[in-house]
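The values are calculated or read from the model by the stated rules, or taken from the named source; none is laboratory data. Keep in mind that what you see is a predicted model, and the values were worked out from it rather than measured. Reconstructed Cβ throughout: ideal geometry from the backbone, glycine too, with neighbour counts over all protein chains shown. With ligands, DNA and RNA removed, areas are computed over all heavy atoms of the protein, side chains included. Shrake-Rupley method; radii C 1.70, N 1.55, O 1.52, S 1.80 Å.
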Amino acid sequence: TAPTEAEIQKKEALAQALADTLNLTEVEWLDPVDRSLGKLKANESIDIIWRFKNIGSKPLVIENASASCGCTVPEKPEKPIAPGEEGQIKATFNGSGQGSIMKQVHVYGNLKPNREKTLSFSGEIDIK
């Protein structure tokens with residue numbers, strides 16, 4: 001189905017916010033950006049959450065969150081995060097692989113000083 005007028009306007013507003021460098025904002029990560037999960041069970045899904053707070057003066061728009069492989073599915077906030085508000089990036093790892101693993105989630109938005117932030121998690125998959 002074709003997008004509604006409201007969906008088109010929302011996408012245009014998000015694109016404008018990202019294009020306008022005056023709308024960059026700062027984020028304080030409330031959880032470590034590099035997470036060690038310790039021992040993990042093979043083929044057992046686990047959710048990893050990174051909480052953040054918008055400490056800037058502009059609404060935070062997370063345009064995209066992508067993972068380094070198909071074994072990890074990230075989720076981002078759909079609405080802008082107002083100054084002073086908190087949000088989260090969630091990633092679901094499917095537990096595939098064996099031995100030591102290290103995965104990355106790339107977050108893109110109107111972040112200052114860099115528009116991209118890389119989050120990561122590591123662990124040891126027990127194959128028993």
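Looking at (1) surrounded by 12 or more Cβ atoms within 10 Å (Cβ to Cβ); (2) farther than 15 Å from Asn94 by Cα, can you tell me which one Cys69 breaks?
(2)
Is there a residue in segment 57-67 that is free of Cβ contacts under 8 Å to residues at least 40 places away in the same chain and either outside any loop (DSSP other than H, G, I, E, B) or within 23 Å of Ser120 (Cα to Cα) (or both)?
Among the residues of segment 57-67, at least one is free of Cβ contacts under 8 Å to residues at least 40 places away in the same chain and either outside any loop (DSSP other than H, G, I, E, B) or within 23 Å of Ser120 (Cα to Cα) (or both), which makes the answer yes.
Of the numbered conditions (1) open to solvent by 60 Å² or more (accessible area, probe 1.4 Å); (2) of a type outside the set (S, T, N, Q); (3) closer than 16 Å to Phe121 by Cα, Ile48 satisfies every one except a single condition; which is it?
Here Ile48 meets the rest and fails (1).
Residue by residue through segment 1-36, note down the ones that are at pLDDT 95 or above, outside any loop (DSSP other than H, G, I, E, B) and farther than 16 Å from Glu116 by Cβ.
Glu28, Arg35, Ser36
I'm trying to understand the selection: among the residues of segment 98-110, which are open to solvent by less than 50 Å² (accessible area, probe 1.4 Å) and either over 30 Å from Ala13 (Cβ atoms) or not in a strand (DSSP E or B) (or both)?
Correct list: Gly99, Ile101, Lys103, Asn110.
For segment 51-66, enumerate the residues that are open to solvent by less than 30 Å² (accessible area, probe 1.4 Å) and touching a Pro at 6+ places or on another chain (Cβ under 7 Å).
Scanning segment 51-66 gives Asn54, Gly56, Leu60, Val61, Ile62, Ala65.
Within segment 80-97, track down each residue that is of a type in the set (Gly, Ala, Ser), closer than 30 Å to Glu44 by Cα and in a loop (DSSP other than H, G, I, E, B).
Gly95, Ser96, Gly97
Are there any pairs, at least 6 apart or on different chains, whose C-beta atoms fall under 6 Å, with the first in segment 72-86 and farther than 9 Å from Val61 by Cα and in contact (Cβ under 8 Å) with a residue 12 or more places away in the chain and the second assigned to a loop (DSSP other than H, G, I, E, B) and open to solvent by 80 Å² or more (accessible area, probe 1.4 Å), and if so, which?
Cβ pairs passing all conditions: Pro83/Ser57.
For the condition under 29 Å from Asn23 (Cβ atoms), open to solvent by 50 Å² or more (accessible area, probe 1.4 Å) and touching a Pro at 6+ places or on another chain (Cβ under 9 Å), what is the one hit in Pro113, Pro83?
After ruling out the rest, the residue left standing is Pro83.
Step by step: first the residues of segment 87-97, then only those that are modelled with pLDDT of 95 or more and open to solvent by 20 Å² or more (accessible area, probe 1.4 Å), then the one that is farthest from Pro59 (Cα to Cα). Which residue is that?
Asn94
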